[in-house]
Amino acid sequence: MAAYTCMANDADGTNKMSQQQRVVITGTGIVSSIGCDETSVWESLLAGRSGLRKVSRFDASENRVQHGAEVDPAALDGLQSGKLLRADLTVRFAVEAARQALLGAELELSPETTRERQIASIWGSACGQAGTLFEARARFSDRGPRGLRPSTVPKVMSNATSAEVSMQFGLTGTNQVVVSACTSATNAIGQAFRMIRHGEIDAALCGGSDAFFDPFYFGVWNNLGVLSPIEDPAAAVRPFDANRQGTLLGEGAGALMLESLESAQRRGAPIRGELLGYGESSDATHITNPSVDGQRLAIENALRSAAVDPIEIGYVNAHGTATLTNDVTESRSIRAALGDVATDGLVVGANKSYLGHTLGASGALESVITVAALERRLAPPNLNLDEPDPECQVPLVGRTAQPLEKVVAMKNSFGFGGGNGVLIFRRFS
């Protein structure tokens, strides 16, 4: 069945019947430091291969922390040419993830054919085209206004990513970028989900992308004091571990092709999973310190949107930044929202020890991994979890993969500014 019926209230309080479309995932794409396709990423997760290492794109020696999870641009050179080679890495990563998702969804990549379908392009990014902006500022510092190229404006505008994806593949639905710090991609996916669910569009190519390994952006994050100083980069990010000392930056992109079930079935498309619900909230308390109540509210809103009981959740792909406060806060919010069932048939995993913190893209990369985990019935290991923090009272995946019996998973994203976003996925059958 292509839609389900739910009860809603008119303004006068009377009930009415409304039809909401089921939303399915027909394709995924991923670009990361541990692989530039889903198969490579999954193999790295199971093998415990971290993408964190010493930064090589510029001289980071003056920084206290010199490690991060960079994507090798050479991995994309064989796939992209022409003007894309001059585009910001944020855009290039997104285009490649989008290409993979379209191929997986068995949609033609030619603009001449996709133009017939009004597919939306909705993306999240925390810092936009940071590398290009840094280069422009450097030219301005050297030469003043004469050093600025006319192409700078279209290359650094916040919606360059969604616009380029739409032009590359002829997607004539809306194109827009959501900016909400580390929750950006999750909010973008959630927005696309709602548009499809309520029948405004049939399909959306959505996700997130961020690339920010330049001296300025890396330097300000160093001075923020949240980066892990542990000398071995592969062991430096330790979500929920008692000896965690902070996070490390990563870059990349993730993409999901979302469609109404009716649209996917009409095309005979492969269905990778179902997106059941989306919830969001604001802490409204502090710009960097997270709130248990704010996160709990987003989780509860997502469960309500999905019409799912807490006991049905079998896997939580946590935000898991490996910072001292955030991991404890997230653990408490999971328990507060799910209750005692948080210890019954549930496992909690985190991916940032492999990928680094990809900021606005993190919700998309980790959603791709969540879909793959449900499909493969396996939760990837928690890398570097040697001594679980007793303050983090949630059932954590160990250092080996764990079977997933339940069919529903939750993806958390919590960002600076107090923005919270949560997605609920289900294995499709």
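Restricting to DSSP loop positions (anything but H, G, I, E, B) with no more than 15 other Cβ atoms inside 10 Å of their own Cβ, which trypsin sites (Lys or Arg not before Pro) remain in the stretch 381-429? Don't jump to the answer; show the numbers that get you there.
On the way: sites: 399, 406, 411, 426, 427; in loops: 399, 406, 427.
Taking the stretch 381-429 and a limit of 15 other Cβ atoms within 10 Å, the loop trypsin sites (Lys or Arg not before Pro) found are 399.
Please state the relative contact order of the stretch 277-426 as a whole percent: Cα pairs under 8 Å, 6+ residues apart? Don't skip to the answer; put the middle values down first.
On the way: 310 pairs, mean separation 54.4, N = 150.
Over the stretch 277-426, the number comes to 36 percent.
Under a cut-off of 18 Å between alpha-carbon atoms, report the aspartates and glutamates in cross-link reach of residue 155, not counting same-chain residues fewer than 8 places apart.
Answer for residue 155, where 18 Å is the Cα cut-off: 88, 96, 135, 164, 210, 214, listed by chain and number.
Out of the DSSP beta bridges found with both residues in the stretch 277-426, what percent are antiparallel (nearest 5)?
Numbers: 16 of 24 bridges.
Just about 65 percent of them are antiparallel.
Take the Cα atoms of the stretch 277-426, find their three principal axes, and give me the spread along each one in whole Å, biggest first.
Sorted largest first, the three principal extents are 38, 34, 29 Å.
Which percent, to the nearest 5, of DSSP beta bridges fully inside the chain are antiparallel? Intermediate results must be reported in sequence, preceding the final value.
Details: 48 of 69 bridges.
Bridges in the chain are about 70 percent antiparallel.
Using a simple charge model, +1 on the beta-carbon of Lys and Arg, -1 on the beta-carbon of Asp and Glu, nothing else, what dipole does the stretch 285-344 show about its Cα centre, in debye to the nearest 20?
Working: 4 positive and 8 negative charges, 36 e Å.
Here the stretch 285-344 has a charge dipole of around 180 debye.
Post the alpha-carbon centroid distance, the stretch 186-211 to the stretch 345-373, in whole angstrom.
18
At 7 Å along the Cα-to-beta-carbon direction for both residue 139 and residue 198, put a label point, then send me their distance in nm to one decimal.
Those two pseudo-labels are separated by 4.2 nm.
Beta carbons within 10 angstrom, averaged per residue: use that to sort the peptides 97-104, 142-149, highest first.
Details: 97-104: 24.8, 142-149: 10.2.
Peptide ranking by packing, descending: 97-104, 142-149.
Run the numbers on the stretch 146-272 and let me know its relative contact order in percent, using alpha-carbon pairs under 8 Å that are six or more apart. Write out the running numbers ahead of the final one.
Working: 119 pairs, mean separation 27.1, N = 127.
Value for the stretch 146-272: 21 percent.
What per residue convex hull volume, in Å³, do the alpha-carbon atoms of the stretch 315-364 yield?
83
Which helices, taking whole DSSP H runs in the chain, have alpha carbons extending 24 angstrom or more along the helix axis plus mean Kyte-Doolittle at least 1.6? Mind showing how you got there, number by number?
Working: long enough: none.
For the chain, where a helix must reach 24 Å along its axis and average at least 1.6, there are no hits.
Got the relative contact order for the chain handy, in percent, Cα pairs under 8 Å and 6 or more residues apart?
On the way: 1140 pairs, mean separation 94.4, N = 429.
Relative contact order here is 22 percent.
Out of all DSSP beta bridges with both ends in the stretch 21-267, state the antiparallel percent to the nearest 5.
Values: 19 of 31 bridges.
Of all bridge pairs located within the stretch 21-267, approximately 60 percent are antiparallel.
Read-outs: derived from the displayed coordinates by stated rules, not from any lab. Just so it is clear, the model here is predicted, and its values are computed rather than measured. Glycine gets a Cβ as well: all are built from the backbone with ideal geometry, and neighbour counts include every protein chain shown.
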